[in-house]
Every structure is written in C-alpha cells, then in structure tokens.
Amino acid sequence: MRIGLRIHTWPESILRKKCKEVKIVDERIEQLFEQMVLLMRANKGIGLAANQVGLDLRLVVIETQTGILKLVNPRIVKTEGRIDFIEGCLSFPGIELKIKRARRVRVSALNEKGVALDYQAEGMLAVVFQHEVDHINGIPFIDRVSFWTRLKIRPLLKKIEKETRYGMCEQK
Ligand SMILES: [Zn+2]
C-alpha cells in the first residue's frame, strides 16, 4: 500500500514543535492513525508521535501486548517512582540512550472514537508513554540526557543530520 507519510528524522524542525490540540476526532483522524500504525510497524517501532511523520497534531500510537493504543491529546496526569531505561527512536536511527523516567504513569487521552479514557502503565509501557508525550511537546529524547552524553553521541547525531539532509535515512 502506498502511503503519503514518512518518518521525519533529526534535525527536521517539526521534531521540536509543540503540537496542536486535536479539536474534532473524525474520520480524518482515524485515517491518519491507520497510516501512523502502518509506518510504525514497517519500521518496527513500538510508539510513534504525529510530528515524527510530519503532522502538527497531538496524536500518538503505541504498540502494546494487547493491541494498539491510538491516543488523541494524551496527557500524563500522574507519575510515580523512577526507572532507567534504554530507549531508541525512529527519528534517531542507530542511537540508544539510557534515560531516567517515571516507573509508573497515568495518562488521560481520547481514543480514536473521541472517548475520554485513562490509562495506567508501568515499566516499559510507562516509558513509551513518556517518550511519545515528550515528542508531541517538541522534546526529543536527546534532551533528556546529560551534557556529557550529548557530547559523546555528537558524531552519531552528525551522521543522522547528514543522512537526513540528503534524504538517505532509511525509509520503508
Ligand atoms: Zn521517538
């Protein structure tokens, strides 16, 4: 199937954008979700935010053990505990970073039908929620590491920047 969206990679400016609230959850949103899920799966991701595919909207998809979550305007309303977790990101191919996150989160969002729901997550799923909500707030995971780690990964970032500039970042 041909799809119009592609994964945006560092340093494309939309990754720094605080995305807009979705006002109406309609058929168009459902279609965007479907395309996001296809892209996430094709690239073997477990989470994807709308600005990673070039859309200025607060939409997130997450792959869980029990199925896909499609979240509209997700907000983290409660956090508990701490966890260090090694994260990757489809917008930063080849980079893995250990990030300090909350161990448990509670998230409020609308689902793809526009119904308000609360989600509780722990461990990896809690980390994915935090990573994706960061995305739609314009905060890529490289902002969550120390100055020294950032310095250490500079050559890797430069490589991604170069590939992004020439449209060479792997696309499925
Ligand atoms: Zn990411």
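Can you figure out the FRET efficiency of Thr66 with Ala42, using R₀ = 22 Å and their beta-carbon distance, to the nearest 0.05? Intermediate results must be reported in sequence, preceding the final value.
Values: r = 21 Å, r/R0 = 0.96.
It comes to 0.55.
Would you kindly derive the ³J(HN,Hα) couplings of the range 103-111 from the backbone phi angles with the Karplus curve 6.51 cos²θ - 1.76 cosθ + 1.60 (θ = phi - 60°), listing them in order in whole Hz, with x for Gly and Pro?
Running phi through 6.51 cos²θ - 1.76 cosθ + 1.60 with θ = phi - 60° gives 7, 10, 9, 10, 10, 9, 7, 9, 8 Hz.
Normalised by the number of residues in the range 1-84, what is the relative contact order in percent for Cα pairs under 8 Å and 6+ residues apart? Please report the intermediate quantities before stating the final value.
Values: 98 pairs, mean separation 24.9, N = 84.
30 percent.
How much length, in nm to one decimal, is gained on full extension between Thr149 and Arg165, taken as 0.36 nm per residue of separation minus their Cα-Cα distance? List each step's numbers first, then the result.
Numbers: separation 16, 0.36 × 16 = 5.76 nm, distance 2.36 nm.
Residue separation times 0.36 nm, minus the Cα-Cα distance, leaves 3.4 nm.
Sequence gap at least 6, Cα distance under 8 Å: using those rules, report the relative contact order of the chain to the nearest whole percent. Don't skip to the end; give the middle numbers.
Working: 319 pairs, mean separation 44.6, N = 172.
Relative contact order comes out at 26 percent.
Per residue Cα convex hull volume for the chain, in cubic angstrom?
On the way: hull volume 18.9 nm³, N = 172.
So the per-residue hull volume is 110 Å³.
Within the chain, which DSSP H helices have Cα atoms that stretch 30 Å or more along the helix axis and a mean Kyte-Doolittle hydropathy of at least -1.0?
Values: long enough: none.
Span-like helices, by this rule, are absent here.
Which far-off residues, 5 or more places away or on another chain, put their amide H under 5 Å from the one on Leu57, with H placed in the peptide plane?
Sorted by chain and number, the residues that satisfy this are Lys20, Asn51.
What is the extension gain from Ile86 to Lys17, computed as 0.36 nm multiplied by their sequence separation minus the C-alpha to C-alpha distance, in nm to one decimal? Walk me through the intermediate numbers first.
Details: separation 69, 0.36 × 69 = 24.84 nm, distance 2.39 nm.
Fully extending the segment from Ile86 to Lys17 adds 22.5 nm.
Using Cα positions and a limit of under 14 Å, work out the aspartates and glutamates in reach of Lys17, with same-chain residues fewer than 8 apart set aside.
Straight-distance partners of Lys17: Asp56, Glu132, Asp134, Asp143.
Where does each of 162-169, 94-101 land if you order them by average Cβ count within 10 Å, highest first? Write out the running numbers ahead of the final one.
Details: 162-169: 13.4, 94-101: 15.8.
Packing order, densest peptide first, comes out as 94-101, 162-169.
Mind scanning Lys18/Lys113; Lys23/Lys70; Lys44/Lys70; Lys18/Lys162 and naming the pairs with a C-alpha gap bigger than 20 Å?
Lys18/Lys113; Lys18/Lys162
Values quoted throughout were computed directly from the atomic coordinates according to the rules given, and no laboratory measurement underlies them. Keep in mind it's a predicted model, so treat the numbers as computed, not measured. Note that each Cβ is placed from the backbone with ideal geometry, even for glycine, and that neighbours are counted across all protein chains shown.
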